[in-house]
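S.K.: Okay, handing you the structure first.
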Amino acid sequence: MVEITWLGHSAFEIISDKGLRILIDPFISNNPSCNIPVEEIEADLILVTHGHADHFGDTMEIANRTDAKIIGNHEVSLFLSKQGLESVGMNIGGSIYIQDIKITMLDAKHSSTLDFLEEIIPGGCPTSFLITSEEGTKIFHAGDTGLFGDMEKVIGDIYKPDIALLPIGDKFTMGPFEASIATKWISPNVVIPMHYNTFPIIEQNTAIFSNFVMQMTPEIQTVILNPGETFKS
């Protein structure tokens, strides 16, 4: 069984079939929707979709404390390696295996800088991740992204995720309508919205997203989590 806990914004903790703890975009300490102290967060593996502060978050603090291995794009990995952290760099289209977990880096349409530094530097391409658990469950974390055609032709038709974690906040990513189209194209069994209601500028009513999904693809289950809640698959 795979457990997926939403920590607020785009931060998730995934516990794999064999108990590996995977953090994605661990924006914890400055995340107003996360009520878990960063000191209590544990991880074996941290995935960073891009360099923006609300996704890179507490990556370095958590990795220093837990010895978690970090996976990010080439540029983010170079930065982390210079900080003395164990980081695996990869790029879009590539896959690696970590303890029988397959991690595939896929595309996202967004921007990416290390904007939390005093002197902002480029952060490489924004990315998404497909995580395949030991028993074969496929979880797609879209990162920050707008709608793009390869969600259907590549992510949906080739990789076939079972569970999709999609942003719906609008302004900086897809809104509810576009995310419902992405849901249709990707065609998972379950979709979980993210990247909304953290700040007033991305406030959304999840019922609107659920209704769009129900109208377009009634066979897909929409799961609405509150921060701290867990979905088990």
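The values are calculated or read from the model by the stated rules, or taken from the named source; none is laboratory data. Fair warning: this is a prediction, and the values are worked out from it, not measured in the lab. Remember, those area values only see protein heavy atoms, side chains included, never the ligands or the DNA or RNA. Shrake-Rupley method; radii C 1.70, N 1.55, O 1.52, S 1.80 Å.
S.K.: Treat the chain as a sphere of radius equal to its Kirkwood radius over Cα pairs and apply Stokes-Einstein at 37 °C in a medium of 0.692 mPa s; give the translational diffusion coefficient in µm²/s, rounded to a whole number.
M.R.: 190
S.K.: Enumerate the amide H contacts of G51 below 5 Å, restricted to partners 5 or more residues apart or on another chain; note that Pro and chain-start residues carry no placed amide H.
M.R.: Close amide H contacts, sequence-distant or interchain: T113.
S.K.: Checking the table K102/K184; K109/K184; K138/K184; K102/K232; K160/K184 against a 22 Å threshold on Cα-Cα, which pairs fail?
M.R.: The answer is K102/K184.
S.K.: Roughly how tilted is helix 176-186, in degrees to the nearest 10 and between 0 and 90, from the longest Cα axis of the chain?
M.R.: 90
S.K.: Now for a separate question. Which one, S210, S81, S187, has the greatest fluctuation when you compute a Gaussian network model over the chain with C-alpha springs under 10 angstrom?
M.R.: S81
S.K.: Okay, next question. Sorted by accessible area (1.4 Å probe), largest first, how do K82, K160 line up?
M.R.: K82, K160
S.K.: Which whole-Hz ³J(HN,Hα) couplings does the range 164-175 yield from phi under the Karplus relation 6.51 cos²θ - 1.76 cosθ + 1.60, θ = phi - 60°, glycine and proline marked x?
M.R.: 10, 10, 10, x, 10, x, 6, 6, 10, 9, 4, x
S.K.: Can you give the accessible area per residue of the chain, in Å², using a 1.4 Å probe? Present the calculation step by step, with values, prior to reporting the outcome.
M.R.: Working: 9770 Å² over 233 residues.
Normalised by residue count, the accessible surface of the chain is 42 Å².
S.K.: Here's another thing I want to ask about it. Enter the angle in degrees (range 0 to 90, nearest 10) between the Cα long axis of helix 206-216 and the first principal axis of the Cα atoms of the chain, meaning the one along which they spread out most.
M.R.: For 206-216 against the chain, the angle is about 60 degrees.
S.K.: Quick one: Karplus J couplings for the range 223-233, per residue in order, coefficients 6.51, -1.76, 1.60, θ = phi - 60°, nearest Hz, x for Gly and Pro?
M.R.: Going residue by residue, I get 10, 9, 9, 8, x, x, 8, 10, 10, 10, 10 Hz, with x marking Gly and Pro.
S.K.: Of the heavy-atom accessible surface of the chain (probe 1.4 angstrom), what whole percent is carbon and sulfur?
M.R.: Working: 4690 of 9770 Å².
Accessible surface attributable to carbon and sulfur in the chain totals 48 percent.
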